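Note sheet for the following structure.
The values are calculated or read from the model by the stated rules, or taken from the named source; none is laboratory data. Model, not experiment: these values are computed from the prediction. Glycine also receives a Cβ, built like all others from the backbone with ideal geometry; neighbour counts cover every protein chain displayed.
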Amino acid sequence: MSQIRKLVIVGGGTAGWMAAAALSRVMGTRNYQITLIESDEIGTVGVGEATIPTIQEFNTLLGIDENDFMKAVNGTFKLGIRFDNWSKPGSSYFHPFGVYGVDMGGLNFNHFWMRYHKAGGSGDFGLFNPQTLAARKGRFGRMAEINPQAPNVNYAFHFDASLYAKFLRGYCEKNGVVRQEGKITEVTQHPESGDITSVTLANGQAITGDLFIDCSGFRGLLIEQTLNSGYEDWSKWLPCNRAVAVPCDKVGPATPYTTSTAQEAGWQWRIPLQHRTGNGYVFCDAYMSEDKASDLILQRLDGQAQAEPRVIRFVTGHRKQMWNKNVIAMGLASGFLEPLESTSIWLVQDAITKLLKYFPKERITEIQRTCFNRDMLAAYDNVKDFLIAHYKVTEREDTPFWAYCKHMDIPDSLKFRLESFAEHNAPLVEPTELFKDASWFAVLAGQGMVPKSYSPAADVMPNDEFLWRMQRIREGSAGLADMMPPHETYLAKACPSP
Ligand code: FAD
């Protein structure tokens, strides 16, 4: 019989409710008692509204109907991210979900595109990706509904973070998760092992547990404030440490993509929802004051502001131990990487998957902790390299912030990837990494880094056949995009706002 029975989740933001939902679904509440504690007084961070396609797997795990979910969270569909002004002011490229073209003979399509381009074909590699083409036209539709014979088109969602937490709360409570409102004011540890034994609320109520999931946000109530797990600071590579967020009225149809616009001391996000548009300026306080960033974002909104700008402070990096003693940190309590590629909610999902993989039976072993920490660090590390590449591979030096980024030292792992891409069009991606070749290609080539050469295997096909195939792939991508209706039309039909 398992001795790990009482699971206590501290925090009811996106991370806490995602953890509670998955644990209640997979482990169940018959053998496990799952309690989630959240404080209305403290509230949640209230941002985090753009996702990547892996969230579909999470919905599938929970058995959630996608249209019900989209209605509940005022969601929109997302085909990728448009990056404006990143390589230089006026530039633009699209990082789509999904690959370019079709791999041939086991070789990545990017090599064939290079052959095509070097022989005078269009330099617009977006022509070979249906998501990019649909995004440009403001279209979206699930291919399974439009034409089940057609290849799948990858997509993710934008959603209202507070509605998502509410939606998951309803799901969890139906599954038997006990929600406890209150502020934790005291944490008790076992005198010898140091394991957390209980947390006590301001009203004096003590809640005991065997395993604690710390989803308490940046403060890391258990993992840091109690267990002092330490923090690895990555600010020298990702210097942004502030965000100012402000929602505005929706103007015009919701774009089926997030927009990220490089600005003087960082970048600005634009996330369309059914009922409003989310905006934020992520910046570095060494180059811009909070007041100035707040003024600038207000000037740049495309609709009427719905609230005062709200400043959020953070330090990029991660806890040195994300699983320490009987505490597992998830979400902002485990670390933070800026939302440039919408990866934080995925990191929560990934931590949940890894917890389920290493879930302790009778007692927690050092092996479980070590494996979890190793795997999570790898996930953080890989995303970190990809994010840094966005700042490093740029022609921009027009402000002190961009001059710093362009000339900053970068991790050896990224140096190696960039060299390998520049020389051979191969960014050295491990199979377990989140961002694959197509993503690296989209961002590096999108920011103007053209590889010197490509694999000679791409030159073997006779020219006539090669050009014929490239033309078919282009037409296929355009055909898929053209099959889709306007995004708003699809939304109105599939998941009208509540
Ligand atoms: P929080 O939302 O802060 O929740 C913490 C919870 O802990 C709250 O319920 C709080 O009440 C509770 N709590 C804390 N202390 C106590 C206490 N003493 N007693 C009781 N309860 C307590 N991610 C993406 O994937 N995509 C994005 O586009 C994206 N954009 C972001 C933009 C910004 C500016 C920031 C900062 C983050 C963004 N993220 C994004 C990350 C995303 O917001 C978070 O990963 C996600 O919201 C999870 O937050 P959380 O649940 O860990 O923390």
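Determine which single condition residue 256 fails, assuming it passes every other condition in (1) surrounded by 16 or more Cβ atoms within 10 Å (Cβ to Cβ); (2) assigned to a loop (DSSP other than H, G, I, E, B); (3) over 18 Å from the mean Cα position of the chain (by Cα). In the conditions (1) surrounded by 16 or more Cβ atoms within 10 Å (Cβ to Cβ); (2) assigned to a loop (DSSP other than H, G, I, E, B); (3) over 18 Å from the mean Cα position of the chain (by Cα), residue 256 misses (3) alone. Criterion first (among the basic types (Lys, Arg) and surrounded by fewer than 16 Cβ atoms within 10 Å (Cβ to Cβ)) does residue 384 satisfy it? When the stated conditions are applied, residue 384 does not pass them.
Report yes if residue 354 is closer than 25 Å to residue 194 by Cβ, modelled with pLDDT of 95 or more and out of contact with any Gly (no Cβ under 7 Å at 6 or more places or on another chain), otherwise no. So residue 354 passes the test. Residue 271: crowded, with 24+ Cβ neighbours inside 10 Å, modelled with pLDDT of 95 or more, over 30 Å from residue 488 (Cα atoms) and aliphatic (A, V, I, L, M), yes or no? So residue 271 does not fit the description; no.
Selection of the stretch 288-326 for residues being away from the ligand (no atom under 14 Å from the Cβ) and within 30 Å of residue 369 (Cα to Cα) yields 320, 321, 323, 324, 325, 326.
For the stretch 15-44, the candidate set comprises residues that are within 16 Å of residue 333 (Cβ to Cβ) and in contact with a helix residue (DSSP H, G or I) (Cβ under 6 Å, 6 or more places away or on another chain); within that set, the residue that is farthest from the ligand (Cβ to nearest atom) is 20. Say whether the condition of being within 23 Å of the chain's Cα centre (by Cα), among the hydroxyl-bearing types (Ser, Thr, Tyr) and not in a loop (DSSP other than H, G, I, E, B) is met by at least one residue in the stretch 393-404. So far as the stretch 393-404 goes, no, none of its residues is within 23 Å of the chain's Cα centre (by Cα), among the hydroxyl-bearing types (Ser, Thr, Tyr) and not in a loop (DSSP other than H, G, I, E, B). Give the stretch 463-484 a look and list any residue that's part of a helix (DSSP H, G or I), within 28 Å of the chain's Cα centre (by Cα) and crowded, with 18+ Cβ neighbours inside 10 Å, or say none. Matches in the stretch 463-484: 477, 480, 481. The residue that is surrounded by the fewest Cβ atoms within 10 Å (Cβ to Cβ), counting only those in the stretch 280-304 that are touching a helix residue (DSSP H, G or I) at 6+ places or on another chain (Cβ under 6 Å) and part of a strand (DSSP E or B), is 283.
Within 16 Å of the ligand (Cβ to nearest atom) and either outside the structural domain of residue 229 (by TED's automatic domain parsing) or more than 21 Å from residue 266 (Cα to Cα) (or both) - does that describe any residue in the stretch 332-344? Yes, the stretch 332-344 contains at least one residue that is within 16 Å of the ligand (Cβ to nearest atom) and either outside the structural domain of residue 229 (by TED's automatic domain parsing) or more than 21 Å from residue 266 (Cα to Cα) (or both). Return the residues of the stretch 253-268 that are of a type in the set (A, V, I, L, M) and either under 17 Å from residue 312 (Cβ atoms) or at pLDDT below 95 (or both); say none if nothing qualifies. Selection gives 265 alone. Among the residues of the stretch 357-376, none is identified as modelled with pLDDT of 95 or more, of a type in the set (Asp, Glu) and not in a helix (DSSP H, G or I). The lone criterion from (1) farther than 22 Å from residue 385 by Cα; (2) within 13 Å of the ligand (Cβ to nearest atom) left unmet by residue 268 is number (1). Could you go through the stretch 115-135 and let me know if any residue there is free of Cβ contacts under 8 Å to residues at least 24 places away in the same chain and under 24 Å from the mean Cα position of the chain (by Cα). Among the residues of the stretch 115-135, not one is free of Cβ contacts under 8 Å to residues at least 24 places away in the same chain and under 24 Å from the mean Cα position of the chain (by Cα), which makes the answer no. The set of residues in the stretch 486-498 that are more than 26 Å from the chain's Cα centre (by Cα) and surrounded by 14 or more Cβ atoms within 10 Å (Cβ to Cβ) contains only 489.
So, in the stretch 199-222, of the ones that are in a strand (DSSP E or B) and surrounded by fewer than 20 Cβ atoms within 10 Å (Cβ to Cβ), which residue ends up nearest to the ligand (Cβ to nearest atom)? Per the criteria, the residue is 201.
Selection within the stretch 395-414: residues that are in contact (Cβ under 8 Å) with a residue 60 or more places away in the chain and among the charged types (D, E, K, R). The member of this set that is surrounded by the fewest Cβ atoms within 10 Å (Cβ to Cβ) is 409.
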